[in-house]
Each structure stands twice: as structure tokens, then as C-alpha cells.
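Engineer: Got a structure for you, questions after.
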Ligand SMILES: CC(C)(COP(=O)(O)OP(=O)(O)OC[C@H]1O[C@@H](n2cnc3c(N)ncnc32)[C@H](O)[C@@H]1OP(=O)(O)O)[C@@H](O)C(=O)NCCC(=O)NCCS
């Protein structure tokens, strides 16, 4: 177990999570900010990337388990990202659509933010958000983050304007 919150447990993703991962990554509405649903190869590559991150960095996007039912309802975690020309630590969050609007993203992301400060010892935690993704911006704002800059990310053949949110340890 990586960390726990009042309702959620966060642990590393495994092959057994593939059905739940597909429910997230192959849902067109959930993946709007990522330019649409992933095909099977992209799902497999996504899981492989998280496993590489666990091995290389000791952290990555983790599985979010609803303790009450044992279901995997989302992904939330910390990844290394290039943002505004620096190698930084980002908190990321993607949840199954059937579990949106119940405060799970903010609960899991708050746990990850605090983990970054207390366990990883970083001084600043970031979130990169596509400029059309209002739900994600609101999670970043609820995490206490402010906008530090703008940049364009090239992903899946598309130029995507992004906002770079961050919170400093002193403000958490
Ligand atoms: C972004 C996402 C993780 C939010 O998950 P969630 O569990 O519904 O969020 P929460 O219930 O914890 O809500 C957190 C805050 O965001 C706000 N919010 C959530 N969904 C929202 C929406 N669709 N529009 C506007 N605000 C929204 C909530 O109002 C809440 O703020 P409040 O408590 O001040 O009202 C979810 O919509 C998702 O998985 N989106 C697709 C994947 C994605 O784009 N991830 C982010 C990539 S940067």
C-alpha cells in the first residue's frame, strides 16, 4: 500500500487492473482532454509506463481502490514531468465516470500532494491541465494550487494549450 485516505487506498497498478483501466482509458468522455479514447495498444503502453515509473522513480500513477467495495475506481499519483523547462513532480488524476462528483479525486490527490511533500521531500507539486479541462482545473484549485504559467503540449498529433498549476510546500 502506498497511502490511504478516509475512503480510499492507493497501491501500484498490476495486470489485474486492466479491465478497470480500460473502463477509464477507453471511455471517450473521460479521455476528452487526452484527445479521445485509447485503443488496446495504448492501454497496454500506459500500464507498462507506470510499471517503468515504479521501477525507475519509485512512484507513478497508482490504482485508487474504494475501500468499502474493493473496486478500482481511478488512478491518481505522482509522476516526473517536464513543465516550463524543468523536471518536476506532478500529481495526476483520472477516475471512472460512474464515480465522478463524489469528492474522490480531491481526496486521492490531496493524499498524493501530501505524500510528495512528506515522503518524497519535494518543495513544489505541479499539475498540468489542458486549457479546456475545467473539472481538472477545479481539482488543482481545491488542492491549493495557483497558475504559474502556460505552455503548449504536443500530444497525439495535436497542439494542446495547457496551464501549469503548482503549490509550494510552505502553502500546503
Ligand atoms: C477531473 C476528475 C478527476 C474529477 O474527479 P471527481 O472525483 O469528479 O472530482 P471531485 O468530486 O473530487 O471534485 C473536486 C472538485 O472539482 C470540481 N469538479 C469536478 N468535476 C467537475 C466538472 N465536471 N466541472 C466543474 N467542476 C468539477 C468539483 O466541484 C470539486 O470542487 P468543489 O468541491 O469546490 O465543488 C474527473 O472529472 C476525471 O476523471 N476526468 C477525466 C480525466 C482527466 O481529465 N483528468 C485530469 C487530467 S489533467
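Engineer: Please work out which one of (1) more than 14 Å from the ligand (Cβ to nearest atom); (2) closer than 19 Å to residue 130 by Cα; (3) in contact (Cβ under 8 Å) with a residue 24 or more places away in the chain is the condition residue 82 fails and give its number.
Structural biologist: Going through (1) more than 14 Å from the ligand (Cβ to nearest atom); (2) closer than 19 Å to residue 130 by Cα; (3) in contact (Cβ under 8 Å) with a residue 24 or more places away in the chain one by one, residue 82 breaks only (3).
Engineer: Out of 56, 87, 16, which single residue is surrounded by fewer than 21 Cβ atoms within 10 Å (Cβ to Cβ), in a strand (DSSP E or B) and away from the ligand (no atom under 12 Å from the Cβ)?
Structural biologist: On inspection, the qualifying residue turns out to be 87.
Engineer: With (1) touching a strand residue (DSSP E or B) at 6+ places or on another chain (Cβ under 9 Å); (2) closer than 25 Å to residue 122 by Cβ; (3) surrounded by 14 or more Cβ atoms within 10 Å (Cβ to Cβ) as the list, and residue 31 as the residue in question, which single condition is left unmet?
Structural biologist: (2)
Engineer: Mind listing whichever residues of the range 1-13 are part of a loop (DSSP other than H, G, I, E, B) and surrounded by fewer than 17 Cβ atoms within 10 Å (Cβ to Cβ)?
Structural biologist: 1, 6, 7
Engineer: Across the range 91-101, which residue is farthest from the chain's Cα centre (by Cα) among those that are in a strand (DSSP E or B) and within 9 Å of the ligand (Cβ to nearest atom)?
Structural biologist: Result: 95.
Engineer: Report, by residue number, each residue of the range 19-49 that is part of a helix (DSSP H, G or I) and closer than 24 Å to residue 103 by Cα.
Structural biologist: If the condition is that a residue be part of a helix (DSSP H, G or I) and closer than 24 Å to residue 103 by Cα, then 19, 20, 21, 22, 23, 24, 25, 32, 33, 34 are the ones that fit.
Engineer: Please state which of the following conditions residue 104 fails to meet, knowing it meets all the rest: (1) over 16 Å from residue 4 (Cα atoms); (2) within 12 Å of the ligand (Cβ to nearest atom).
Structural biologist: (1)
Engineer: Considering (1) within 29 Å of residue 152 (Cβ to Cβ); (2) more than 12 Å from the ligand (Cβ to nearest atom); (3) in a strand (DSSP E or B), say which one residue 75 fails and leave the rest.
Structural biologist: Here residue 75 clears every test but (2).
Engineer: Which of the following residues is touching a strand residue (DSSP E or B) at 6+ places or on another chain (Cβ under 9 Å) and either at pLDDT 95 or above or closer than 19 Å to residue 31 by Cβ (or both): 135, 171, 164?
Structural biologist: Only one candidate qualifies: 164.
Engineer: Related question: Quick one: which strands (runs of 3 or more DSSP E) sit completely within the range 104-172 and have at least 3 residues that are under 15 Å from the mean Cα position of the chain (by Cα)?
Structural biologist: 124-130, 158-168
Engineer: Being under 26 Å from residue 161 (Cα atoms) and touching a helix residue (DSSP H, G or I) at 6+ places or on another chain (Cβ under 9 Å) is the filter here; which residues of the range 23-40 pass it?
Structural biologist: Passing the criteria: 24, 25, 26, 27, 29, 30, 31, 33, 34, 37, 38.
Engineer: Could you check, for the range 129-152, whether at least one of its residues is within 11 Å of the ligand (Cβ to nearest atom), closer than 21 Å to residue 4 by Cβ and surrounded by 21 or more Cβ atoms within 10 Å (Cβ to Cβ)?
Structural biologist: For the range 129-152, residues within 11 Å of the ligand (Cβ to nearest atom), closer than 21 Å to residue 4 by Cβ and surrounded by 21 or more Cβ atoms within 10 Å (Cβ to Cβ): present.
Engineer: Run down 121, 157, 111 and say which single residue is more than 10 Å from the ligand (Cβ to nearest atom) and buried (at least 18 other Cβ atoms within 10 Å of the Cβ).
Structural biologist: The match here is 111.
The values are calculated or read from the model by the stated rules, or taken from the named source; none is laboratory data. What you see is a predicted model; the values in this text were computed from it and never measured. Cβ: placed from backbone, ideal geometry, glycine included. Neighbour counts: every protein chain shown.
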